[in-house]
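Colleague: There's a structure below that I have some questions on.
The values are calculated or read from the model by the stated rules, or taken from the named source; none is laboratory data. Just so it is clear, the structure is predicted and the values come from calculations on it, not from any experiment. We place every Cβ from the backbone using ideal geometry, glycine too, and count neighbours over all the protein chains shown. All accessible areas refer to the heavy atoms of the entire protein, side chains included, with ligands and DNA or RNA removed. Shrake-Rupley method; radii C 1.70, N 1.55, O 1.52, S 1.80 Å.
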Amino acid sequence: MQPPALDVVKRAIGSEVARTVYRYTERDVALYALGIGAPADPLDQDELKFVYELSGIGFQVFPTFPVVFAYEFNRRVPAGEIAGIKYNPMMTVSGEQHLRLLKPLKASGTVTSTVAVSDIFDKGSGLLMMTDVDSCDENGELLAKARASLFMRGLGGFGGERGPSSPWEAPAGAPDSVHEEETRSTQALLYRLAGDDNPLHADPLMVAKGDYERPILHGLCTMGFAARAILKRCANNDPSRFDSIGVRFSRPVFPGETLVTEIWHRGKEKIAFQTKVKERNVVVLSHGMIRLRD
């Protein structure tokens, strides 16, 4: 597939590409938490509370749940065109994800989200599209803000700006905490039920077109595993302490692999982290940062 013309790219920047309404129930909340690996121990009440609506200590929404609010837009990604930019969905992966939660999450509700293309960069080997998602509750109050990027391999060289570069080095010294957890071989099939239907995560016949040996795990699923590890080890598994998260998806994860999240404390409210795959000893999440509330 050919890179887009520069004038097409310029028209795309700043355009609103979706306005979605997401109605969710306790079932959707639980399904998302199951998709990101909860509970690691089904007998642990402090983990069961994210998946069991009758929890004796109170049912709670895992705080990264807002990444699925604009799922109707995510379901359009496999169509291969956003704001006039045409691409091969099997050559497209998540680049980065940032999320800030502005209000406590209810166990059920209706959320309206606006998705806009905020920028597009020419990375040479591909096109990097940035999207902003603002999500409001039933009262029109801003509930969450997200920024995500899609990296479209093979579409670079169209003459656009390269964009900022932010090299990553893990913080100096040994991590303050390390959390290890296996993913299921069916993890991607489970997580996709939260709304990301891209065949890249499910169909062995389709993924060959993206030069992968087998379906890969959703980047947002890997991020969810890391967020669970940090909330458990650094915030007593209290979702009310979550403020924001930012991460870069550095390498793909294959379902069934073991995730090792390394955690560095940067004061009471700031946590730096990276996540590796144990079996291949490669960093799959870099630039990781979580902010906690007191």
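Colleague: Looking for something acidic (Asp, Glu) and either open to solvent by 50 Å² or more (accessible area, probe 1.4 Å) or under 26 Å from Leu205 (Cα atoms) (or both) - is there at least one such residue anywhere in segment 48-55?
Modeller: Within segment 48-55, one or more residues are acidic (Asp, Glu) and either open to solvent by 50 Å² or more (accessible area, probe 1.4 Å) or under 26 Å from Leu205 (Cα atoms) (or both).
Colleague: Being crowded, with 19+ Cβ neighbours inside 10 Å, in contact with a helix residue (DSSP H, G or I) (Cβ under 7 Å, 6 or more places away or on another chain) and either of a type in the set (Lys, Arg) or farther than 18 Å from Glu47 by Cα (or both): is that true of Leu193 here?
Modeller: no
Colleague: Can you tell me which residue is farthest from His218 (Cα to Cα) among those in segment 139-185 that are open to solvent by less than 70 Å² (accessible area, probe 1.4 Å), among the polar types (S, T, N, Q) and over 18 Å from the mean Cα position of the chain (by Cα)?
Modeller: The residue in question is Ser177.
Colleague: Could I ask something else about it? Can you report the number of residues in segment 204-234 which are open to solvent by 50 Å² or more (accessible area, probe 1.4 Å) and at pLDDT below 95?
Modeller: The total comes to 8.
Colleague: Suppose we keep only residues that are open to solvent by 20 Å² or more (accessible area, probe 1.4 Å) and under 27 Å from Met90 (Cβ atoms) within segment 256-277. Which one would you say is farthest from the chain's Cα centre (by Cα)?
Modeller: The selected residue is Gly256.
Colleague: Something else about it: How many residues are small (Gly, Ala, Ser) and within 18 Å of the chain's Cα centre (by Cα) when one looks only at segment 73-117?
Modeller: 4
Colleague: Let me ask something else about it. Of these, Arg248, Arg241, which one is within 18 Å of Leu99 (Cα to Cα), open to solvent by 10 Å² or more (accessible area, probe 1.4 Å), in contact with a Phe, Trp or Tyr (Cβ under 9 Å, 6 or more places away or on another chain) and modelled with pLDDT of 95 or more?
Modeller: Arg248 is the lone residue from the list that is within 18 Å of Leu99 (Cα to Cα), open to solvent by 10 Å² or more (accessible area, probe 1.4 Å), in contact with a Phe, Trp or Tyr (Cβ under 9 Å, 6 or more places away or on another chain) and modelled with pLDDT of 95 or more.
Colleague: Could you look through segment 10-47, keep only residues that are hydrophobic (A, V, I, L, M, F, W, C) and within 20 Å of Cys136 (Cβ to Cβ), and pick out the one that is surrounded by the most Cβ atoms within 10 Å (Cβ to Cβ)?
Modeller: Val29
Colleague: Exactly one condition in (1) open to solvent by 30 Å² or more (accessible area, probe 1.4 Å); (2) not in a loop (DSSP other than H, G, I, E, B) is not met by Gly288; state its number.
Modeller: For Gly288, the exception is condition (1).
Colleague: From the list Pro63, Pro78, pick out the single residue that is touching a helix residue (DSSP H, G or I) at 6+ places or on another chain (Cβ under 9 Å) and open to solvent by 20 Å² or more (accessible area, probe 1.4 Å).
Modeller: Checking each option against the conditions leaves just Pro78.
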